[in-house]
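The values are calculated or read from the model by the stated rules, or taken from the named source; none is laboratory data. What you see is a predicted model; the values in this text were computed from it and never measured. A quick note on method: Cβ atoms are made from the backbone with ideal geometry, for glycine too, and the neighbour counts reach across all protein chains shown. These accessible areas exclude ligands, DNA and RNA; they are computed on the full protein's heavy atoms, side chains included. Shrake-Rupley method; radii C 1.70, N 1.55, O 1.52, S 1.80 Å.
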Amino acid sequence: QTLGVLGPNGCGKTTTIGMLLGLIKPSAGKILIDGRNITDLKTNTIRKQLAVTPQDIVLFNDTLEYNIKYGSNQVSDNKLKCVIEQVDLTDLVSSLPDGLATQVGERGLKLSGGEKQRVAIARMLLKDCQINILDEATSSLDSKTEKIIIENLLEKKTSKTLIIISHRLSSIANADNILVIENGRLTQQGKHGSLMQEN
């Protein structure tokens, strides 16, 4: 399913991801992946199933292609092209004089914030994991581009589970379930329509 997680800054959205990755231990309860408690799984096993696009994207002073492929092995040209289309980077790649061989500069300074976010989402998709997590990874995108990317992710069923953390309800309107978190607590959940009726 696609799960949306919504809430203001500091409410605990990113902490939830830290717990999924095993970086933070929950003070109560347990976390299950396919019915198995993550405390019974090796860290490598958990991380092979999870791909995260974080808020703060790390890019290297190398080519655009290197930065997209980082963390993935043996990516075919066809798969790379497909992922570039999914994250709406095709126009950027074709506009660059050296295409994918273009150097992005230290920390990706030659790219805009939105372009960096799309590179990070492409990197996540190439990992081909069971669970994909977008941690406010579309916050620097205009609403039109954000809508295109989210719709592509949903349409192509890029993973068994897609978790989208956002400030904006509009960006997760098509999620199967939306969790609303305030001050570290779940206050509402449901589909977009029912949450709108509840105001």
Near pairs, Cβ below 9 angstrom, 6+ apart or cross-chain, from the stretch 181-199 (surrounded by 10 or more Cβ atoms within 10 Å (Cβ to Cβ)) to any residue that is assigned to a helix (DSSP H, G or I) and of a type in the set (D, E, K, R): ILE181/LYS13
Kindly indicate the residue of the stretch 67-112 that is among the charged types (D, E, K, R) and closer than 24 Å to GLU151 by Cβ and also modelled with the lowest pLDDT among those meeting that condition. ASP88
Answer yes if at least one residue in the stretch 34-47 is over 20 Å from the mean Cα position of the chain (by Cα), within 29 Å of SER139 (Cα to Cα) and open to solvent by less than 40 Å² (accessible area, probe 1.4 Å), and no otherwise. no
Within the stretch 5-17, is there a residue that is more than 23 Å from ASN177 (Cα to Cα), out of contact with any Asp or Glu (no Cβ under 6 Å at 6 or more places or on another chain) and not in a helix (DSSP H, G or I)? no
Pull out all pairs, ordered by first then second residue, where Cβ-Cβ is under 8 Å, the residues are six or more apart or on different chains, the first lies in the stretch 74-96 and is free of Cβ contacts under 8 Å to residues at least 24 places away in the same chain and closer than 22 Å to LYS110 by Cβ, and the second is among the hydrophobic types (A, V, I, L, M, F, W, C) and surrounded by 14 or more Cβ atoms within 10 Å (Cβ to Cβ). THR90/ILE84
Please go through the stretch 50-74 and pick out each residue that is small (Gly, Ala, Ser) and open to solvent by 50 Å² or more (accessible area, probe 1.4 Å). GLY71
For LEU186, all conditions in the list (1) assigned to a helix (DSSP H, G or I); (2) over 17 Å from the mean Cα position of the chain (by Cα) hold save one; what is the number of the exception? (1)
On the basis of being open to solvent by less than 100 Å² (accessible area, probe 1.4 Å) and part of a strand (DSSP E or B), does ALA28 make the cut? no
Of (1) open to solvent by 70 Å² or more (accessible area, probe 1.4 Å); (2) at pLDDT 90 or above, GLY4 fails just (1)
Scanning the stretch 167-180 for residues that are within 14 Å of ILE149 (Cα to Cα) and among the polar types (S, T, N, Q), the one least open to solvent (accessible area, probe 1.4 Å) turns out to be SER171
